[in-house]
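The values are calculated or read from the model by the stated rules, or taken from the named source; none is laboratory data. As the structure is a prediction and not an experimental result, all values here were calculated from the model. Neighbour counts run over all protein chains shown; Cβ positions are idealised from the backbone, glycine included.
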Amino acid sequence: MKLILGLGITGLSVARFFFKKDISFRIADSRQEPPMLDIAEKESVLSDSHFGEWSKSLLEGVTEIIISPGISETESIVDWSRQQSVPIISDIELFGRYTKAPIIGITGSNGKSTVTQLLGEMAIADGKNAIICGNIGKPVMDSLSDEAELYVVELSSYQLDYTNKLSLLTGVITNITPDHLDRYSKFSDYISSKLSIYKYCQFSTVNLDVDLANGVDGDNYYGIESSNLRCDFIAKQNGNTYEVFHKGNRLITSDDLKVVGRHNIENLLAALTLGYRFGLSLKVMTQAAIDFKGLEHRLEFVSTINNIDYYNDSKSTNAISTITAINALFEKYNNLTLIAGGISKKEDYSELFKLINEKVNAVVLIGECSSDFSKQITAPHVEVVKSMKKAASMATSMAEGGAVLLSPGCASFDMFNNFNERGETFKRFVLEEI
């Protein structure tokens, strides 16, 4: 008997797989009405299910637990399982047992979704039946296919925490910055979680700009302004332009790309290095990079209205991602208006406040932390509003050309269901009501 803990997207995907394979399973969720309940009922996968407070009886007859990444290790059910020596695994580990094609794993505090999507598009452009899945949105257990030639999988630290065995062709950490400190007792635990990806890699890909990964004995390397001869791909800055090289030969420049910012050059280097290890064509990868439009809610260009460019970076839920967005746009715009705020995380925002005070012309604050943030920000114009509609309108009235950037640096749950809804709401008011 398998026990699936959590009936979200991940749990439902595992239940579907077990149901199809005729593997006996039980589903449990501490919520009375978990998000995938209606769909699970329609698909008839709830013959053995429990919703509400955890109970030790859930473990009766259970030989293995597949746990959803959102369930913390501090939950009582996890503690009971370990006391009884019941193995706990992630859907990623389960996925690895049934895959026939190579897997490339991508993790990091920021940029992992972009690298996953870009690499997947590179592989598809090169004629490969590549499947993009994992933390990026499509669960791995819903992605299994006998026709797959490559899986490009985004891995969160939570998924890695519950993974004990996995075989990756190669993998990378895009970067490591303080994040999820509400889940981890200390930053070093979060670092260890990210670094664990390398123990599953046949070939390790290392970003030399990630100091915390410099102790990793890599097989492939990349970096910006790197003189390391071991690098497969490097980028060098020439004025406001980045030039990307493969072993001394220039492939592409940032002027050729639709995405902006130094961080997107890092993302490109990661995708190129991973793709090169798999054997993708350099020519095809380069053209795919030129065609790549980026991801929704990640420094996404929305529109130009009355000489103001609007960018949606709602995926920014921590300080470093907003710092990255501001620096990326500051390379292009002299006038920048920022919309920020939400539920702040347990991290140091001082560097973000310093950057805002130095480079941002006007700030509109929303959400739970708006009052506290307003005390730290000394930009020329700072306003606190209570809705996204008002924020978009206020930012437009304060902007004098240049760009308006939604990059909250905070979680969205005080005002929205998730960052997607926050970004879509912003875009709607920009496009329809301003």
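Filtered by the rule that a residue be closer than 19 Å to Leu295 by Cα, touching a Lys or Arg at 6+ places or on another chain (Cβ under 8 Å) and in a loop (DSSP other than H, G, I, E, B), the stretch 411-429 gives a lone residue, Ser412.
The set of residues in the stretch 242-259 that are β-branched (Val, Ile, Thr), under 25 Å from Ile176 (Cα atoms) and in contact with a strand residue (DSSP E or B) (Cβ under 8 Å, 6 or more places away or on another chain) contains only Val244. Contact annotation: residue pairs with Cβ atoms under 6 Å, 6 or more positions apart or on different chains, pairing a residue in the stretch 160-179 that is within 25 Å of Ala319 (Cα to Cα) and assigned by TED's automatic domain parsing to the domain that holds Leu269 with a partner that is surrounded by 23 or more Cβ atoms within 10 Å (Cβ to Cβ) and hydroxyl-bearing (Ser, Thr, Tyr), are Val172/Thr205; Ile173/Thr107. For the residues Ile9, Ile39, Ile4, Ile66, the requirement of being touching a residue at least 60 places away in the same chain (Cβ under 8 Å), surrounded by 13 or more Cβ atoms within 10 Å (Cβ to Cβ), out of contact with any strand residue (DSSP E or B) (no Cβ under 8 Å at 6 or more places or on another chain) and β-branched (Val, Ile, Thr) singles out Ile9. Restricting the stretch 198-230 to residues that are touching a Leu at 6+ places or on another chain (Cβ under 6 Å) and touching a residue at least 24 places away in the same chain (Cβ under 8 Å), the residue that is surrounded by the fewest Cβ atoms within 10 Å (Cβ to Cβ) is Gln202. For the stretch 314-356, filtering for residues that are in a loop (DSSP other than H, G, I, E, B), out of contact with any His (no Cβ under 6 Å at 6 or more places or on another chain) and either hydroxyl-bearing (Ser, Thr, Tyr) or in the same structural domain as His263 (by TED's automatic domain parsing) (or both) leaves 5.
Could you check, for the stretch 278-291, whether at least one of its residues is more than 20 Å from the chain's Cα centre (by Cα) and crowded, with 24+ Cβ neighbours inside 10 Å? Before you say what the answer is, go through the steps one by one.
Just the residues of the stretch 278-291 that are more than 20 Å from the chain's Cα centre (by Cα), to begin with: 278-288, 290-291.
Next, only the ones that are crowded, with 24+ Cβ neighbours inside 10 Å stay: 285.
Yes - at least one qualifying residue is present in the stretch 278-291.
Filtering Ser72, Ser44 for residues that are out of contact with any strand residue (DSSP E or B) (no Cβ under 9 Å at 6 or more places or on another chain), in the same structural domain as Arg16 (by TED's automatic domain parsing), at positive phi and not aromatic (Phe, Trp, Tyr) leaves a single hit, Ser44.
Quickly run through the stretch 400-418 and pick out the residues that are of a type in the set (A, V, I, L, M, F, W, C), surrounded by fewer than 23 Cβ atoms within 10 Å (Cβ to Cβ) and out of contact with any Asp or Glu (no Cβ under 6 Å at 6 or more places or on another chain). Those that are of a type in the set (A, V, I, L, M, F, W, C), surrounded by fewer than 23 Cβ atoms within 10 Å (Cβ to Cβ) and out of contact with any Asp or Glu (no Cβ under 6 Å at 6 or more places or on another chain): Ala411, Phe413, Met415, Phe416.
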